[in-house]
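**Student:** Handing you this structure, nothing more for now.
The values are calculated or read from the model by the stated rules, or taken from the named source; none is laboratory data. None of the values given here were measured: they were computed from a predicted structure. Because the Cβ atoms are built from the backbone with ideal geometry, glycine has one as well, and the counts that use them run over all protein chains shown. For accessibility, only protein heavy atoms count, side chains too; no ligands or nucleic acids. Shrake-Rupley method; radii C 1.70, N 1.55, O 1.52, S 1.80 Å.
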Amino acid sequence: MSVAPIVIVGVHPVREALRAGGVREVRVGARADARVQEIVRLAESEGVPVRRVDAQELDRLAGGERHQGVMATLAEAPRRWTLEQVVSFEAKPLIVVLDGVEDPHNVGAILRTSDAVGATAVVRQERHAAALGPAAARASAGALAHVRIVDVVNVVRAIETLKSLGVWVVGLDAEGAQPYDRIDFRPPTALVVGAEGEGLRRLVREHCDFIAALPMRGHVSSLNVSVATGVVLYEALRQRLAGELPGRGHSG
């Protein structure tokens with residue numbers, strides 16, 4: 001199955017994509033401001049073709065996203081990986097599993113944080129998941145082109161596969177029995193996060209090894225899924241950089 005090329009819209013995401021490399025073409029509107037002109041110069045210095053288009057074409061390709069008069073098409077669609085491949089990629093993989101996250105802005109933000117912490121891959125269900133289109137690409141600030149993505153048919157089966165490959169599976173849920181920072185994220189670990197407003201589905205919760213929660217001290221009952229995922233991923237990175245976790249572990 002062919003995967004459509006990624007379209008990135010907006011000044012900052014396009015600039016970051018050009019700096020990272022791999023842009024096939026940049027399109028700019030007729031009324032380019034100073035920031036867009038800077039992108040044009042950057043594209044030309046990198047040998048990337050720049051095409052002037054009308055506002056209607058930008059609007060159509062942006063799919064309703066605010067494009068700020070500029071967009072870029074990546075040279076290649078992101079490669080799709082298998083669970084077995086990403087688990088074997090490194091000794092202690094850190095994998096994010098999306099259980100029905102349908103907001104493309106949240107997906108993009110999770111991809112951005114996953115790239116920032118060096119996560120091994122992001123697993124997403126083929127159905128009931130946000131499209132990896134302009135909205136997700138913009139929110140990811142270019143990370144969509146770099147994060148390994150695994151598409152699966154069924155999240156529960158994916159969890160079972162990860163467990164059979166030696167990966168601990170930690171679900172993130174407001175009703176979790178353990179605080180997130182009492183979980184040992186140093187071994188091979190998959191972090192499973194649920195849909196906005198609904199959290200993890202029951203069967204998904206039941207197949208996780210542990211359910212962790214973020215402590216809430218204010219008036220709201222939960223955090224945005226991308227924010228919560230970022231908090232836990234940085235805790236995982238902190239533990240892995242420190243190399244030790246005195247008095248803590250998976251059991252508890």
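**Student:** Net charge near Gly133: determine it from the other residues with C-beta under 15 Å of the C-beta of Gly133, scoring Lys and Arg +1 and Asp and Glu -1. Present the calculation step by step, with values, prior to reporting the outcome.
**Tutor:** On the way: positive: Arg60, Arg66, Arg124, Arg138; negative: Asp59, Glu65, Glu102, Asp103, Glu126, Asp151.
Neighbourhood net charge equals -2.
**Student:** Something else: Would you compute, for the Cα atoms of the stretch 10-151, the largest minus smallest coordinate along each principal axis and list the three values in descending order, in whole Å?
**Tutor:** Ordered largest first, the stretch 10-151 gives principal extents of 47, 30, 20 Å.
**Student:** While we're on this one: Is it possible to state the helix-based mean residue ellipticity at 222 nm for the chain, with each DSSP H run of 4+ residues giving -39500 (n - 2.57), the sum divided by total residues, to the nearest 500 deg cm²/dmol? What is it? Before the final figure, lay out the partial values.
**Tutor:** Details: 9 runs with 92 residues, N = 252.
After summing the helix terms and dividing by residue count, I get -11000 deg cm²/dmol.
**Student:** Would the stretch 125-221 count as rounded, prolate or oblate if I go by the C-alpha gyration tensor, calling it rounded below 1.5 in a/c and otherwise prolate when a/b exceeds b/c, oblate otherwise?
**Tutor:** In terms of gyration-tensor shape, oblate.
**Student:** Turning to a different aspect of this structure: Just the number: Rg to Rh for the chain, Cα atoms, Kirkwood Rh, two decimals.
**Tutor:** That ratio is 1.02, to two decimals.
**Student:** Using the heavy atoms of the protein chains alone and a 1.4 angstrom probe, what is the accessible area of the stretch 69-188 per residue in square angstrom?
**Tutor:** Averaged over the residues of the stretch 69-188, the accessible area is 40 Å².
**Student:** Would you work out if the stretch 143-200 is rounded, prolate or oblate? Take a ≥ b ≥ c from the square roots of the eigenvalues of the alpha-carbon gyration tensor; rounded if a/c is under 1.5, else prolate when a/b is larger than b/c, oblate otherwise.
**Tutor:** Rounded.
**Student:** How large, in percent, is the carbon and sulfur part of the accessible surface of the stretch 1-148 at a probe radius of 1.4 Å? Please list the in-between numbers first.
**Tutor:** Values: 3330 of 7030 Å².
Exposed carbon and sulfur together represent 47 percent of the surface.
**Student:** For the stretch 69-150, what is the convex hull volume of its Cα atoms per residue in Å³?
**Tutor:** For the stretch 69-150, the hull spanned by Cα atoms encloses 90 Å³ per residue.
**Student:** Please list the non-local residues whose amide H lies under 5 Å from the amide H of Val152, H modeled 1.01 Å from N, same-chain partners needing a gap of 5 or more.
**Tutor:** Placed amide hydrogens put Arg124, Gln125, Glu126 under 5 Å from Val152.
**Student:** In sequence order, what are the phi-derived ³J(HN,Hα) couplings for the stretch 159-174 according to the Karplus relation 6.51 cos²θ - 1.76 cosθ + 1.60 with θ = phi - 60°, rounded to whole Hz, with x for glycine and proline?
**Tutor:** 4, 4, 5, 4, 5, 5, 8, x, 9, 6, 10, 10, x, 10, 8, 4
**Student:** Short version: ³J(HN,Hα) in whole Hz for each residue of the stretch 135-145, in order, from phi by Karplus 6.51 cos²θ - 1.76 cosθ + 1.60 (θ = phi - 60°), x for Gly and Pro, what are they?
**Tutor:** Working through the residues one at a time gives 5, 5, 5, 5, 5, 7, 6, x, 5, 4, 6 Hz.
**Student:** I've got another one for you. Determine the dipole magnitude for the stretch 118-226: charges of +1 sit on the beta-carbon of Lys and Arg, -1 on that of Asp and Glu, nothing else is charged, the reference point is the Cα centre, and the result goes in debye to the nearest 20.
**Tutor:** 160
**Student:** Then there is this: Taking the Cα centre of the chain as origin, sum charge times position over the Cβ atoms of Lys and Arg (+1) and Asp and Glu (-1), and report the length of that vector in debye to the nearest 20.
**Tutor:** 320
**Student:** Report for the chain the percent antiparallel among DSSP-assigned beta bridges with both residues inside it, nearest 5.
**Tutor:** Antiparallel bridges make up about 25 percent of those DSSP assigns within the chain.
**Student:** Can you check what the net charge comes to around Glu196, using other residues whose Cβ is under 14 Å from the Cβ of Glu196 (Lys, Arg +1; Asp, Glu -1)?
**Tutor:** That sum, taken over residues with Cβ under 14 Å, equals -4.
**Student:** What nm distance separates the two modelled labels at Gln85 and Arg35, each placed 7 Å from Cα along Cα→Cβ?
**Tutor:** 3.5
**Student:** Continuing with this model, one more query. Please give the contour-minus-distance gain from Arg24 to Ala174: 0.36 nm per residue of separation, less the Cα-Cα distance, rounded to one decimal in nm.
**Tutor:** Gain in length upon complete extension: 49.7 nm.
**Student:** Over the residues of the stretch 168-210, compute the C-alpha Rg and express it relative to 2.2 N^0.38 Å.
**Tutor:** Working: Rg = 10.1 Å, N = 43, 2.2 N^0.38 = 9.2 Å.
The value comes to 1.10.
**Student:** So what are the ³J(HN,Hα) numbers for the stretch 21-31, from phi and the Karplus equation (6.51, -1.76, 1.60; θ = phi - 60°), rounded to whole Hz, Gly and Pro as x?
**Tutor:** Along the stretch 21-31, the couplings run x, x, 8, 8, 7, 10, 10, 10, x, 5, 9 Hz.
**Student:** Using protein chains only and a probe of 1.4 angstrom, how many square angstrom of Val147 are accessible, to the nearest 10?
**Tutor:** Per-residue accessible area (Val147): approximately 10 Å².
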